[in-house]
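Have a look at the structure below before the remarks.
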Amino acid sequence: MQEIYYTVEQIAQKLQMHPKTLQRYIREGKLRAVKVGKGWRVSGHDLSVFTEREQPCFVESPTAIVSCVADVYTTSKDAAIRIINALTAALNSKPSSYGKSSLHTQYIPEEQKLRVTLYGSARFTSVMLDAIAALTEESDTDAFV
């Protein structure tokens, strides 16, 4: 028996959804698909699994999502790298209860500045900002010189 495959546009029309929404679901892994050339194809089975999945009708508890940017002035690139390593370790060891989160860093040599961008739950962001504060307190700056 031959499997039937649908394009994103065909599925969007069937489900009355925007194609970009479906592409986002594919990127997030909510809808399984295979790349064929420049487009995505979804098998009939994977489409059935996607449409039959239980969708929550309400959110049990509201969640606060926070994004913030912190500029950390450093004495050198090596100091910035040590801070990045410490923050990355904290991100990788965070409890699963903090949910999905991200950390992006950029060192700006002209300004001797490390830019840290955080995105996630309020608890995650708070803990990471506390870590930045602890890593950059004046008493600890000698450790990063």
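Laid out as a table, the results:
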read-out: Anisotropy class of segment 65-144 from Cα gyration tensor, a/c 1.5 cut; value: prolate
read-out: Angstrom value of the Kirkwood radius, inverse mean 1/r, which spans all Cα pairs in the chain; value: 18.7 Å
read-out: Using a Förster distance of 41 Å, the FRET efficiency for Q2-V69 (Cβ separation, nearest 0.05); value: 0.20
read-out: Extension gain (nm, one decimal) between E52 and E28, 0.36 nm per residue minus Cα-Cα; value: 6.9 nm
read-out: Two-site FRET efficiency, S96 against T117, from Cβ-Cβ distance with R₀ of 35 Å, rounded to 0.05; value: 0.95
read-out: Charge dipole magnitude, Cβ of K and R +1, D and E -1 - the chain, Cα centre, debye nearest 20; value: 860 debye
read-out: Amide H contacts of K113 (H built 1.01 Å from N, under 5 Å, at least 5 apart or other chain); value: T74, I108
read-out: Positive-end extreme of charge dipole, the chain - chosen from P109, I83, Q16 (charges on Cβ); value: Q16
read-out: Protection-proxy order for peptides 117-130, 66-79, each taking the mean of Cβ atoms within 10 Å per residue, highest first; value: 117-130, 66-79
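A short reminder: the numbers here are calculations on the coordinates, not readings from a lab. Only a predicted model underlies this, so the values are computations on that prediction, with no experimental measurement involved. Reconstructed Cβ throughout: ideal geometry from the backbone, glycine too, with neighbour counts over all protein chains shown.
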